[in-house]
Amino acid sequence: MAKLKMGLVGGGEGAFIGAVHRMAAELDGEIELFCGAFSSDPAKSRAAGPALYSIDAERSYGSYAEMFAAEGARDVAERMDFVVIATPNYTHFPIAKAALEAGFDVMSDKPVTFDLAEAQELAALVEAKELTFGLTHNYTGYPMVKEARHLVRSGAFGGIRRVVMEYIQGWLAEPEEMSGANKQAEWRTDPARSGAAGCMGDIGTHGENLVEYVTGLKIASLCSDLTTFVPGRRLEDDGNVLLRFDNGAKGVLFASQIAVGEENGIRLRVYGEKGGLEWQQMEPNSLIVRWSDRPYEIRRTGGPGVSPAAAGATRLPAGHPEGFLEAFAILYRNFAATLRARRAGSEPTEDELDFPTIADGVRGMAFIDTVVASSRAGSTWLDFPAV
């Protein structure tokens, strides 16, 4: 079976996430990086393909518009199959729109666009074109996250009452964006390129997505308090959000990028009427399960008794740790299976469809808008938009 051919926008010299996309996409042998537009500078873009990714010079384009036009003009069997967007937030919308209008399926970094209106326009275009749109909320790919989802949605804990979601980092505890040496810090703290939120847009949206993915609940309203601690920084670097869910459950989501010494501290706790769970990204192969009437359990990736969903996201025998890249790759594996099924004229299975979509992207942008509006209004409760 021929590999799907991937076109990459972004991922040039000095970029972090482009190489991650490439490694994750190719891990299961379903996809190959085939062509790309790697920089906003045409000369740098053309040079990056052969230098960084060993791509033929003729498939290393000067711009994404050039790539879409050239690939679209080729025979179906010779062109790229889908586009990956790994660029700063403000560019996601024009690139995705151009790709969809050219007839290409899309996998994009999050948050999906610069603002909610752009996300809703993309969602309408995806539907009109009948194309597939994936979003790399990669933490949903971990086997024990899928085990957590299975336990909650099976009703094992009864009705869900409380959710606690934290995502804390320390890499922006100093004014890194002002040094001139940190490209990631520069654009992620720039409202013209990052959007209305800093910390909440960058990592808070991961928390929002993870909560709704695992619990199946929807945020109904929220109250937020955002703070910019580093002097001169233009976007918030810390935030706390109180949550009310559509089933009556309550929760809190807090995110920070000034928590000194923290690396990538994601911790999710869910509590129901009969039990609860805890998962941490720094120890991703363990899921703590708590019960009201018996000792707590530690379920392990690849271990006995896990759900088919967790087992299906596991590649190695128990005791062989799987982490960030493997979880990222699960999204690409499912995305590829969905593309193959739809192109064969069949309906993808539920497991194949298990990756974040444009609908998740729209909710992520609604989360950012509501969080920012609530904080600016003096931390008032606001309804979550009906999206």
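The values are calculated or read from the model by the stated rules, or taken from the named source; none is laboratory data. Being a predicted model, the structure only gives us computed values, none of them experimental. Because the Cβ atoms are built from the backbone with ideal geometry, glycine has one as well, and the counts that use them run over all protein chains shown.
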Residue in the range 92-99 that is modelled with pLDDT under 95 and closer than 19 Å to Gly14 by Cα present:
no
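Hey, can you tell me all the residues within the range 44-77 that are among the charged types (D, E, K, R) and touching a residue at least 24 places away in the same chain (Cβ under 8 Å)? Walk me through how you get there before you give the answer.
First pass over the range 44-77, keeping only residues among the charged types (D, E, K, R): 44, 46, 56, 58-59, 66, 71, 74-75.
Of everything in the range 44-77, those that are among the charged types (D, E, K, R) and touching a residue at least 24 places away in the same chain (Cβ under 8 Å) turn out to be Lys44, Arg59, Glu66, Glu71.
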Residue list for the range 370-386, restricted to those being surrounded by 14 or more Cβ atoms within 10 Å (Cβ to Cβ) and assigned to a helix (DSSP H, G or I):
Thr370, Val371, Val372, Ala373, Ser374, Ser375
So, restricting to strands (runs of 3 or more DSSP E) that lie completely within the range 243-298, which ones have at least 2 residues that are in the same structural domain as Thr215 (by TED's automatic domain parsing), surrounded by fewer than 20 Cβ atoms within 10 Å (Cβ to Cβ) and without any contact (Cβ under 8 Å) to a residue 12 or more places away in the chain?
283-291
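Going by what's in this entry, would Gln169 be described as over 16 Å from the mean Cα position of the chain (by Cα) and more than 21 Å from Leu253 (Cα to Cα)?
Details: over 16 Å from the mean Cα position of the chain (by Cα): yes; more than 21 Å from Leu253 (Cα to Cα): no.
Against the criterion (over 16 Å from the mean Cα position of the chain (by Cα) and more than 21 Å from Leu253 (Cα to Cα)), Gln169 does not qualify.
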Return the total of residues in the range 206-242 being more than 23 Å from Leu277 (Cβ to Cβ) and crowded, with 16+ Cβ neighbours inside 10 Å.
12
Test result for Gly180, at pLDDT below 95 and over 19 Å from the mean Cα position of the chain (by Cα):
yes
Exactly one condition in (1) basic (Lys, Arg); (2) in the same structural domain as Val20 (by TED's automatic domain parsing); (3) surrounded by fewer than 21 Cβ atoms within 10 Å (Cβ to Cβ) is false for Arg153; which is it?
(2)
Do we have Arg342 as surrounded by fewer than 15 Cβ atoms within 10 Å (Cβ to Cβ) and among the basic types (Lys, Arg) here?
no
Just to be sure, is Arg188 within 26 Å of Gly239 (Cα to Cα), surrounded by fewer than 22 Cβ atoms within 10 Å (Cβ to Cβ), assigned by TED's automatic domain parsing to the domain that holds Thr205 and among the charged types (D, E, K, R)?
no
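Out of the range 270-281, which residues are within 13 Å of Leu151 (Cβ to Cβ) and within 20 Å of the chain's Cα centre (by Cα)?
Residues of the range 270-281 within 13 Å of Leu151 (Cβ to Cβ): 270-272, 274-279.
Selection gives Trp279 alone.
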